[in-house]
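Quick one: the structure is below, and I'll ask about it shortly.
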Amino acid sequence: MSESEAEEQATQATMATYVYGIVSANHPCALENLDGVGEPASALRRLDAEGVTAIVSDAPPGLRAKRRDVLAHQHVLEELGRQGTVLPMRFGVVARDEDSLRRELVEDNEAHLAVLADLAGRAEFNVKVFCDEEMLIREAALNDPSVQRLREHTDTIDERIQLGEAVAAAIEARELAIEQGVLETLAPRSIRHVRGPQVKGAAVNASFLLDSDDAEEFVAAVEELGAALGEEIRIQRTGPLPPYSFVSVREEE
């Protein structure tokens, strides 16, 4: 090793380190033509640690979730996923330095390998369902007895408030029924599923873990479900994705 290479490794060992994901030591891990986060783009490198490898780069100062950086992060994980199984980190995971990250990788070695084994040959699909708000209000007015009763008496502020609360409750109940129907249809076609965070305008936000061989059948079921829900309810499917929602090992900090 040359003196300049030794100095570079020493510098990297003490710099904040951005973490993209973790793979097993035998993963192909081809990083050519891949750009990391930051501007200019950070160079990607491997960090090997007793059976697992973290894909990392220098962490750019003042990193924010800019579109360019988020897409770069996703692209790295998608490419690693095409090459083999990857345990993805969410955008923005930064370790204090390489030495501390390597210690954490060694400490959690068995857990990481177990998750990688569980995720092998599997991918995540996300399903969101968006409902037209005017349609939900019309349904509440036509089908909910409480809303129908309160609509007859809206002379006072209190009565109008009660009507608004009744409409909101009816819409919530309708969205819960839609979510239940979606999960009853799609969950049996997946290994497991999780509800995602609330998304504005979405009655459903759920992620499903699938064996790759089952993806085609799952996609067909989503399309059939979308047709059955009608034109005023829009179903959105995204995937295959790195299985962000099914990583149970603590993400490095």
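Every number here is computed from the coordinates shown, using simple stated rules; none is lab data. This structure is a prediction, so every number in the text was calculated from the model and none was measured. Methodologically, a virtual Cβ is constructed for each residue, glycine included, from the backbone with ideal geometry; neighbour enumeration extends over all protein chains shown.
Using alpha carbon centroids, what distance separates region 187-253 and region 23-78, in Å?
25 Å
If you don't mind, another one. How charged is the neighbourhood of Val219? Take every other residue with its Cβ under 11 Å from the Cβ of Val219, and add Lys/Arg as +1 and Asp/Glu as -1. Intermediate results must be reported in sequence, preceding the final value.
Working: positive: Arg189, Arg237; negative: Asp214, Glu216, Glu217, Glu223, Glu224.
Residues near Val219 contribute -3 overall.
State whether region 9-86 is rounded, prolate or oblate according to the following rule on the C-alpha gyration tensor (a ≥ b ≥ c being the square roots of its eigenvalues): a/c under 1.5 gives rounded; otherwise a/b larger than b/c gives prolate, and the remaining case gives oblate.
Since a/c reaches 1.5 but b/c is at least a/b, the shape of region 9-86 is classed as oblate.
Over region 179-232, what relative contact order in percent results from Cα pairs under 8 Å that are six or more residues apart? Don't jump to the answer; show the numbers that get you there.
Working: 41 pairs, mean separation 19.1, N = 54.
Here the relative contact order equals 35 percent.
Continuing with the same structure: Report, in debye and to the nearest 20, how large the dipole of region 23-95 comes out about its Cα centre when Lys and Arg carry +1 and Asp and Glu carry -1 on their Cβ.
Details: 8 positive and 9 negative charges, 59 e Å.
For region 23-95, the charge dipole is close to 280 debye.
Per residue of region 85-96, what does 6.51 cos²θ - 1.76 cosθ + 1.60 with θ = phi - 60° give for ³J(HN,Hα)? Whole Hz please, x for Gly and Pro, Karplus curve as stated.
Karplus values, whole Hz, x for Gly and Pro: 7, 10, 9, x, 9, 6, 4, x, 7, 10, 8, 4.
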